[in-house]
1. What's the number of the only condition in (1) surrounded by fewer than 21 Cβ atoms within 10 Å (Cβ to Cβ); (2) of a type outside the set (Asp, Glu); (3) under 15 Å from the mean Cα position of the chain (by Cα) that ALA255 fails to meet?
2. Which is outside any loop (DSSP other than H, G, I, E, B) and free of Cβ contacts under 8 Å to residues at least 60 places away in the same chain, of ALA294, ALA265?
3. Report yes if some residue within region 163-171 is out of contact with any strand residue (DSSP E or B) (no Cβ under 7 Å at 6 or more places or on another chain), surrounded by fewer than 22 Cβ atoms within 10 Å (Cβ to Cβ) and at positive phi; otherwise report no.
4. Just checking, which of VAL253, VAL226, VAL231 is under 30 Å from ILE175 (Cβ atoms), touching a Gly at 6+ places or on another chain (Cβ under 7 Å) and aliphatic (A, V, I, L, M)?
5. I'd like to know if region 93-101 contains one or more residues that are over 21 Å from the mean Cα position of the chain (by Cα), among the β-branched types (Val, Ile, Thr) and part of a helix (DSSP H, G or I).
6. Mind listing just one residue for me: the one in region 147-203 that is acidic (Asp, Glu) and at pLDDT 95 or above and, of those, farthest from ARG229 (Cα to Cα)?
7. From the list GLY254, GLY276, GLY284, which residue is within 16 Å of VAL226 (Cα to Cα), of a type outside the set (A, V, I, L, M) and either in contact with a Phe, Trp or Tyr (Cβ under 7 Å, 6 or more places away or on another chain) or free of Cβ contacts under 8 Å to residues at least 24 places away in the same chain (or both)?
Amino acid sequence: MTGATSLDHTPAARGTVLVTGGGGRLGRSVVTGLAEAGYEVVSVDRDRAPEGVFPADVIQEAADLLTDGEPFRIIQAHRPDAVIHLAAIAVPFSAPEEVIFNTNSRLAFTVLQAATELGVGKIITASSPTVLGYGAPSGWLPPAFPLTETTPPRPWNAYALSKYLAEQIMEMFTISHGERSRYAAFRPCFVISPEEWLGAPTQQGHTVEERLADPSLAAPALFNYVDARDVSDFLDVLLQKMGSIPNGQTFFVGAGDSLATEPLADLLPRFIANSGPLTESLTGTRPAFSVDKAHRLLGWAPRRSWRSELQPSGPDSLSFATPSTLDIAAELATASRGNQVNP
């Protein structure tokens, strides 16, 4: 029953997953997707989601995870097989810098610490592509495009730093407790929830269609994006395969194309000084962020594109050919053979 906290139930075939921040833009799709995939899901957030948002068998816990001892209490009460930590202030500069840093870093440490101390077998934390430092006022150029998990992080604001710290916290627990638990971090690109394909505002206040029509809106994020349901699919695959990959991995999770109507080889040099020679490989619909590692280690590939999901708002709306899932998977397989990246 939605909103219930009783533990009198039969465990789901795939085990119990506790998701912090389950009521957020990404969390709602993750909770729903994992429940539909056969997991028993516990959603933890400050407030319970309204009736009907989640499948009926999702358990909801209303809790302030910044309260001393609360992460331990919640995890101990449900004894999940896995914890996925999403709870955070999710938008850079949406609060004072010290508040963002203190909130996000404390949440990451206390949730992962509690899960580790209680012996949870699989522990995953959300990070962010912003750890790479694009958009820095002092200028930014990566060693190469596309960006991968080996691109050096250069966080320049409290949000990016807090997310990079979450990865370091994950690595710390991997080093100290990796024989007992499996750990991972993931960097979801600019998340687009299902209602945003229908015209609801994105987290930046404008619509997906507006981001496509005006490249300057998506340029600060390097035109990256991901459907929230693809993130849920990724987490399902990761949970299943964590025991067979090296412990303590970090993954980019993004769409198979860019959120743009022009190739990034043409777009990025307009917004990033001196990037022209680095972007020559970003032809066609190729995105700035590679998900090759997730494909190579997990066999995961994104299934959704703005070309297939965006619902036109009128007769003059954008309309483009849709790359199929098979096309995207084939491109990833080719990239994996020709551009091996160490995990």
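The values are calculated or read from the model by the stated rules, or taken from the named source; none is laboratory data. Note that the coordinates shown come from a computational prediction; the quantities given were computed from them, not determined experimentally. Glycine also receives a Cβ, built like all others from the backbone with ideal geometry; neighbour counts cover every protein chain displayed.
1. (1)
2. On the way: ALA294 fails: free of Cβ contacts under 8 Å to residues at least 60 places away in the same chain.
The conditions single out ALA265.
3. No: region 163-171 contains no residue that is out of contact with any strand residue (DSSP E or B) (no Cβ under 7 Å at 6 or more places or on another chain), surrounded by fewer than 22 Cβ atoms within 10 Å (Cβ to Cβ) and at positive phi.
4. Values: VAL253 fails: touching a Gly at 6+ places or on another chain (Cβ under 7 Å); VAL231 fails: touching a Gly at 6+ places or on another chain (Cβ under 7 Å).
Within the list VAL253, VAL226, VAL231, the selection yields VAL226.
5. yes
6. Within region 147-203, the subset acidic (Asp, Glu) is 149, 167, 171, 179, 195-196.
When the remaining residues are screened for being at pLDDT 95 or above, the result is 149, 167, 171, 195-196.
Working: GLU149: 22, GLU167: 23, GLU171: 26, GLU195: 11, GLU196: 12 Å.
Only one residue fits best here, namely GLU171.
7. Working: GLY276 fails: within 16 Å of VAL226 (Cα to Cα); GLY284 fails: within 16 Å of VAL226 (Cα to Cα).
Just one listed residue meets the conditions, GLY254.
Condition check ((1) part of a loop (DSSP other than H, G, I, E, B); (2) surrounded by 22 or more Cβ atoms within 10 Å (Cβ to Cβ)) across all residues:
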| position | (1), (2) |
| --- | --- |
| ALA13 | yes, no |
| LEU18 | no, yes |
| VAL31 | no, yes |
| ASP47 | yes, no |
| ASP68 | yes, no |
| ARG73 | no, no |
